[in-house]
1. Pick out the one residue from B:Ala201, B:Ala164, B:Ala145 that is at pLDDT 95 or above, of a type outside the set (Val, Ile, Thr) and over 24 Å from B:His41 (Cα atoms).
2. Does B:Arg176 meet the test of being surrounded by fewer than 20 Cβ atoms within 10 Å (Cβ to Cβ), over 30 Å from A:Arg95 (Cα atoms) and of a type in the set (D, E, K, R)?
3. Looking at (1) touching a strand residue (DSSP E or B) at 6+ places or on another chain (Cβ under 9 Å); (2) closer than 15 Å to B:Gly178 by Cβ, can you tell me which one B:Gly11 breaks?
4. Hey, B:Tyr192 hits all of (1) modelled with pLDDT of 95 or more; (2) within 14 Å of chain A (Cβ to nearest Cβ); (3) over 25 Å from A:Asn149 (Cβ atoms) but one; which does it fall short on?
5. Is there a residue in the range A:103-126 that is buried (at least 22 other Cβ atoms within 10 Å of the Cβ) and over 29 Å from A:Arg3 (Cβ atoms)?
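The values are calculated or read from the model by the stated rules, or taken from the named source; none is laboratory data. Here the structure is a predicted model, which is why all the values come from computation and not from measurement. With ideal geometry, Cβ positions are generated from the backbone for all residues, glycine too; neighbour counts draw on all protein chains shown.
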Protein chains: 2
Amino acid sequence: MERAVVLLSGGMDSTTLLFHVRQTLGVADIHALTFLYGQKHARELAMARWQAQAVGGTRLAEWTLAMPDGVAAASALTNPATAVPDLAAIPTDERDQPITYVPNRNMMFLTLAAAYAEAQGIADVFYGAQAQDEYGYWDCTQTFAERINAVLALNRRRPVTVHAPFSTMTKRDVVRIGRTLGVDYDRTWSCYRGENQPCGACPSCVERERALGDCD
Amino acid sequence: MERAVVLLSGGMDSTTLLFHVRQTLGVADIHALTFLYGQKHARELAMARWQAQAVGGTRLAEWTLAMPDGVAAASALTNPATAVPDLAAIPTDERDQPITYVPNRNMMFLTLAAAYAEAQGIADVFYGAQAQDEYGYWDCTQTFAERINAVLALNRRRPVTVHAPFSTMTKRDVVRIGRTLGVDYDRTWSCYRGENQPCGACPSCVERERALGDCD
């Protein structure tokens, strides 16, 4: 594989994926796509820029996605009037689709990435989805990626394939891979609140600390 | 069904669909979505506006979609430097994915529409795809809609369903339905070239004239 598209948020999973594609798969020409969609933690983009530079062979495209009416309002990640909850404050029976879920966001990201890849003549898109332990999103699962591929496979000339190699791993597994590849996790961002310092209590911070702690 | 999203281009199929949803299904509150994506035939939007007004019970949302780099350049529908060919000039062996195809456009449209519907609490999206006789697009097939639904069905709280009731009909069949519903086809636009008058020779004009001629 000479060329690939990588969805890069600047978080731990997608950064590890970038290094995996570059170093383990040896892809020479990587198009990393990162999205500004109104997320509170837009500071993750600075990390994406840094990592794209660090890994080499990567051109970073920053895209602004104007979300359809109502989408931003529906999520604590994007609605200024909705606080990001601590993980501990999310009821167990809401953790399958918590308030931090953004309606159909990842299908939008992958669909735009697939259009880009097809137009550029690139056959492979890499997606860093990873199943969390304590909460989850339907659009981060292996089945989701497989069904997206079932759609894209219908393309009669230039089908694009989505690869989600971490989707059945734990975050700890992902970090183990990243450490062997020299990923600098201090230059990744996880906290959903997006303030100057990570809060340490939101779902994303808790998962991050567990994954890093288990590896140290 | 009280509420629905309808993808409305201002062409024959989606206009017929709008009338079908409003009159036959009796949906009271329709959100019609129409896209400006750099198409040469953007004059179809004026038709969408007229039809949304004519059918009643419909609010029209016009969305501008910034296409990923390279997508517009890849299609005669959007690249000013690429002429829209006459249907007769498209080689038979290219008609399964002709130069008028826009990379992954319809998956982008449906994905954005599904995000909107989910955020608005609307469960049903209607899509006017119709298989052409002389040429075709993978993203206008019944199988495409079914596989999109297989993705959306994974949503754990608010799955959205795409309905494509015309996807196995001929365009003549669609026009027959529209005539019974009082659709004014003079107020629809098909020509891909988008000049002041329909060219009569592009793929979309040829299909239109055949469908209307067979019904008159």
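1. Details: B:Ala201 fails: over 24 Å from B:His41 (Cα atoms); B:Ala164 fails: over 24 Å from B:His41 (Cα atoms).
Criteria check complete, one pass: B:Ala145.
2. On the way: surrounded by fewer than 20 Cβ atoms within 10 Å (Cβ to Cβ): yes; over 30 Å from A:Arg95 (Cα atoms): yes; of a type in the set (D, E, K, R): yes.
Criteria met by B:Arg176.
3. Looking at each condition in turn, B:Gly11 falls short on (1).
4. Condition not satisfied by B:Tyr192: (2).
5. yes
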